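Taking it in order: structure first as structure tokens, then the write-up.
The values are calculated or read from the model by the stated rules, or taken from the named source; none is laboratory data. Keep in mind the model is a prediction, meaning the values are calculated, not measured. Virtual Cβ from ideal backbone geometry, glycine too; neighbours counted across all protein chains shown. The accessibility values were calculated without ligands, DNA or RNA, using every heavy atom of the protein model including side chains. Shrake-Rupley method; radii C 1.70, N 1.55, O 1.52, S 1.80 Å.
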Protein chains: 2
Amino acid sequence: MLLTDRQVLILQVIVDDFIRTAQPVGSRSLSKKEEILFSSATIRNEMADLEELGFIEKTHTSSGRVPSEKGYRYYVDHLLLPQKLDRSEIQTVRSIFAEQIYELEKIVQKSAKILSELTSYTSIVLGPAVNDNKLKKIQIVPLNQDTAIAIIVTDTGHVENRMFHFPASVDPSDVEKMVNILNERLSGIPLVHLNASIYKEVAAILRQHIKSYDVLMGSITETLSIPASEKVFFGGKTNMLNQPEFNDIDKIRSLMAMIEQEDGISQLIRKNPKGINVKIGRENNNSAMDNCSLITATYSIGDEKLGTIAVLGPTRMEYSRVIGLLDFISADLSKVLTNLYQNK
Amino acid sequence: MLLTDRQVLILQVIVDDFIRTAQPVGSRSLSKKEEILFSSATIRNEMADLEELGFIEKTHTSSGRVPSEKGYRYYVDHLLLPQKLDRSEIQTVRSIFAEQIYELEKIVQKSAKILSELTSYTSIVLGPAVNDNKLKKIQIVPLNQDTAIAIIVTDTGHVENRMFHFPASVDPSDVEKMVNILNERLSGIPLVHLNASIYKEVAAILRQHIKSYDVLMGSITETLSIPASEKVFFGGKTNMLNQPEFNDIDKIRSLMAMIEQEDGISQLIRKNPKGINVKIGRENNNSAMDNCSLITATYSIGDEKLGTIAVLGPTRMEYSRVIGLLDFISADLSKVLTNLYQNK
DNA sequence: ATTTAGCACTCGTTATGAAAGAGTGCTAAC
DNA sequence: GTTAGCACTCTTTCATAACGAGTGCTAAAT
């Protein structure tokens, strides 16, 4: 099943042309390309073979050829060269970090926006996995006798807050004491381990010093066990409306419903491993994305994977360009974040 | 230009029918309705008059009639009876407040979701105007030598946080002192007045007690002057795709672009006064909304207007139902919020 | 003076067929 | 192995006709 050089050349040109025009590619128009030195009849023969091998398809008996998912896969795996960014694009990306706002979430959100603008596809960025952030400070602000807000600040500057309730009988000074002890003992612990650590390391001390131990302990552990939300940011949600393959209302409906739902797509993205990953069409296992490809890249602080940035486009997406962009942005993002938060 | 009773009846039936079916209404099908006791020929005459007066329109020379914006306006102003909610709907709405989560924003967000589900249109809720909330507590958490997070908690349980920078030379105990003074003096002040109050009431004391007065004062006032974002929540953003009037890709594109942009629509909504307001089609002054109506209602704590909830639908929207719903939800929301936050 | 029946007319929708155009597969010649 | 040539297929476009829903107008009925 190895392809000859000529078949590879033809496949490449078909994919490139189709990505550019969204029109099926015929043998005659192929033969006019300058890199093609043989006749349309030869091309027809080769195309028949490529079709039999499953790399290209016809939309109907007498139409030109269109890359199949297998064809795109071959293209992505073997033929594609990540596009270098030009000067102005590099500048645009760097502008993400230009403002002196060092909030992790803001940077991430802005990345999503710029990514969608540069690609004119839809971008999705999985916010940093807050659960792995380490506790910097916990504070409790009472609102009235039986309600208070717990505020959790992480080392990356992320702020989580949760309201909780307790009986009015609880002594305010008790709450204060508890917060002090928690801060002393839990600073630096990843959020996800907070609850375990409380039981293991702090419970005994708390019990000694605090009158309403049972009640408060119940409230605080319940509050801390709510999983820190891993946020999803979108850019260009409606960009897909401009792609010619989505001139069909039904396709739009199912795709938009899928994007709007957010959960499904964030799961799809989350499970991707480090580095660049390309999922083409049905490889995504989601019927709403049959005509879409999803390219993901991870970003990190140091060696620790933090989150994922992704681009959703039609299968006929500019893989080369998008991969180049994602490559650059994710590396730059990791570099900046590492500098910001690594050595503190 | 007064309409006869019969003309009003015909207009009403046309609007009702068109809202239900989305099809132009002809004289023959009208004459079959049981509330219509005269012939199709009579109806045709009346319809010709109504058309001349501008209440109804034809889509083409030999089509049935469709309400014009003026027709909808008359319907909304004179003919419409807000629909009462049935038992199960009331229950659904009440479920917004069932969970013991008293966070204002969560309640508001959930309202948007339920509103869009009950109407199958798009709902928009303008979050409470945080700027008018009163300061409960301000806290500052240092992240490293030159960065800290300012956390602002309001009396409604809303938490704002902002990162800011200062020279490493600033003494940490200075920061602590400042926070204490700010809390002592500024508690209860609406966020929007914080900056002014700092200068008026706290500056003198701060200058006395704090070494790095100038630098810190600069940082803190700059931080507080960033306007607290008034959040916009959407529900059912893609619901409009299911409306038959949006079978046209171009209409979808411009509408979705408008919804996605969020700013435009939130401005459109913000300026509406207390109570229920209906804007029909071009009354919205926005070409993307030519085929849409926007119904808004305000919610309050006590007498103080807090925010707005709105429904965006086609001009052919079920005004009676939506107005009934908005009426109920906004009243209920106001009641609950008033109970929660008024008497503390 | 209203109301209604009747009818010619308009316009959108649907079905049908013809012509054009793009592209293929196959055969035979190079 | 490559290419020219040609019949064939399928989509797209356009014109045409038939049908149906609905109107406006006239004249008769109430």
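For the reader, a short list of remarks on this structure follows.
- Residue match in segment B:124-137 (condition: surrounded by fewer than 17 Cβ atoms within 10 Å (Cβ to Cβ) and farther than 15 Å from B:V336 by Cβ): yes
- Residue among A:S88, A:S29 that alone is assigned to a helix (DSSP H, G or I), closer than 25 Å to A:R321 by Cα, within 10 Å of DNA strand C (Cβ to nearest atom) and of a type in the set (G, A, S): A:S29
- The residue of segment B:32-55 that is farthest from DNA strand C (Cβ to nearest atom), among those that are aliphatic (A, V, I, L, M), out of contact with any Ser or Thr (no Cβ under 6 Å at 6 or more places or on another chain) and outside any loop (DSSP other than H, G, I, E, B), is B:L53.
- Candidates B:L268, B:L325, filtered to the one that is assigned by TED's automatic domain parsing to the domain that holds B:D248 and closer than 17 Å to B:G127 by Cβ: B:L268
- Condition check for B:A22: loosely packed, with under 15 Cβ neighbours inside 10 Å, within 13 Å of DNA strand C (Cβ to nearest atom) and touching a residue at least 40 places away in the same chain (Cβ under 8 Å): yes
- Qualifying residue in segment B:4-19 (condition: farther than 20 Å from B:V311 by Cβ, away from DNA strand C (no atom under 16 Å from the Cβ) and of a type in the set (S, T, Y)): no
- Some residue of segment B:269-283 being open to solvent by 20 Å² or more (accessible area, probe 1.4 Å), in a helix (DSSP H, G or I) and at pLDDT below 90: no
- Qualifying residue in segment B:163-180 (condition: within 9 Å of chain A (Cβ to nearest Cβ), over 19 Å from B:H209 (Cα atoms) and either touching a residue at least 12 places away in the same chain (Cβ under 8 Å) or open to solvent by 20 Å² or more (accessible area, probe 1.4 Å) (or both)): yes
- The set of residues in segment A:228-238 that are within 10 Å of chain B (Cβ to nearest Cβ) and either polar (S, T, N, Q) or assigned to a loop (DSSP other than H, G, I, E, B) (or both) comprises A:G236, A:K237, A:T238.
- Hey, B:T59 under 24 Å from B:R321 (Cα atoms) and exposed (fewer than 15 other Cβ atoms within 10 Å of the Cβ) or not: no
- Restricted to segment B:239-258, and to residues there that are facing chain A (nearest Cβ under 8 Å) and touching a residue at least 24 places away in the same chain (Cβ under 8 Å), the residue that is most open to solvent (accessible area, probe 1.4 Å) is B:N242.
- When residues of segment B:137-160 are limited to those that are more than 7 Å from every other protein chain (Cβ to nearest Cβ) and assigned to a strand (DSSP E or B), the one nearest to A:N161 (Cα to Cα): B:E160
- Test: residue in segment B:63-73 that is in contact with a strand residue (DSSP E or B) (Cβ under 6 Å, 6 or more places away or on another chain) and part of a loop (DSSP other than H, G, I, E, B): yes
- Just one of the numbered conditions (1) open to solvent by 40 Å² or more (accessible area, probe 1.4 Å); (2) part of a strand (DSSP E or B) is not true of B:Y299: (1).
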